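A short worksheet on the structure shown next.
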Amino acid sequence: MRKPVLAGNWKMYKTPAQTRAFFEAFLPLVRAVEHCEIVICPPFPDLAAAVEAVRNTRVQIGAQNLYWVKEGAFTGEVSGPMIRSAGATQVIIGHSERRHYFGETDEMVLKKTVAALEAGLMPIVCVGERLEQREAAQTEAVLSSQCRQGILGLDSVRFSKIVIAYEPVWAIGTGKTATPEVAAEAHAVIRCEVHRRFGSAAAENLRILYGGSVEPDNAQALLAQTEIDGVLVGGASLEAASFAKIINHQA
Ligand code: PEP
């Protein structure tokens, strides 16, 4: 049984004061939740406020990026040990916005994943095709290549500690969600690559989240797919009631 992960990616939204206000509203709504892991990934300046707010709850806090060197002359970067020492336990890696606006490659994604694991963080590693790639029937090839050039370069022990998020770029922030069937098909492609590289146990144990315009009214159908082991939610995670609805599967 794979325990679902329901993660929120706040992108570049909210101040520490807004973070505290979010958790005041959110925590009572998810207090009884046991069926999944809940992760919120705020911007770096909000990590301390978020970690403090969720103390003694089951909610976990993640960062949205890291650099693979532990410390040094890398202005503007933040390392895994720094994130861990701020109290976060997860980190998103290779989000399509990082790949497309900041030039992250699969090779960098692999280095970041190793660095996150060495710092004791659980990586949530994103892959996904662009619209023109889907329209050109390249989805399978793109996903396979992103996996092979990136995270399949881990050893099996490290690989067992990561979560993958399938996020089709055309669905992120656009209101165009993949249908549950389309998402499940893509997850199967990823799982098949993992099976080929690491065998059946690794493939069966791997949690693959779907991300891309998940909202309270489509989450339930997506999460009903056995291939979908959770969701990575952007816009709808910014509002306590809507993210809590997704978690509680109340459409
Ligand atoms: C994301 O940022 O990972 C995401 C999926 O965003 P949205 O839910 O807003 O499409």
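Figures for the structure shown
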item	result
Every residue from the range 209-226 that is within 15 Å of the ligand (Cβ to nearest atom), open to solvent by 10 Å² or more (accessible area, probe 1.4 Å) and either within 16 Å of the chain's Cα centre (by Cα) or touching a residue at least 40 places away in the same chain (Cβ under 8 Å) (or both)	213, 215, 218, 223
Residue in the range 170-181 that is modelled with pLDDT of 95 or more, of a type in the set (Gly, Ala, Ser) and more than 23 Å from residue 8 (Cβ to Cβ) present	no
Subset of the range 225-240 that is touching a helix residue (DSSP H, G or I) at 6+ places or on another chain (Cβ under 7 Å) and not in a strand (DSSP E or B) - its residue that is nearest to residue 124 (Cα to Cα)	228
Any hit, the range 176-185, residues being within 16 Å of the ligand (Cβ to nearest atom), within 24 Å of residue 19 (Cβ to Cβ) and of a type in the set (Ser, Thr, Tyr)	no
Members of the range 31-42 that are open to solvent by less than 20 Å² (accessible area, probe 1.4 Å) and not hydrophobic (A, V, I, L, M, F, W, C)	42
Counted residues, the range 73-110 - those being in contact (Cβ under 8 Å) with a residue 24 or more places away in the chain, charged (D, E, K, R) and more than 21 Å from residue 209 (Cα to Cα)	2
Sole exception among (1) modelled with pLDDT under 95; (2) within 18 Å of residue 41 (Cα to Cα) for residue 251, by number	(2)
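The values are calculated or read from the model by the stated rules, or taken from the named source; none is laboratory data. Quick caveat, the model's predicted, so the values are computed rather than measured. Quick reminder, even Gly has a Cβ in these numbers, built from the backbone with ideal geometry, and neighbours come from all protein chains shown. Side chains included, ligands, DNA and RNA excluded: accessible areas come from the protein's heavy atoms. Shrake-Rupley method; radii C 1.70, N 1.55, O 1.52, S 1.80 Å.
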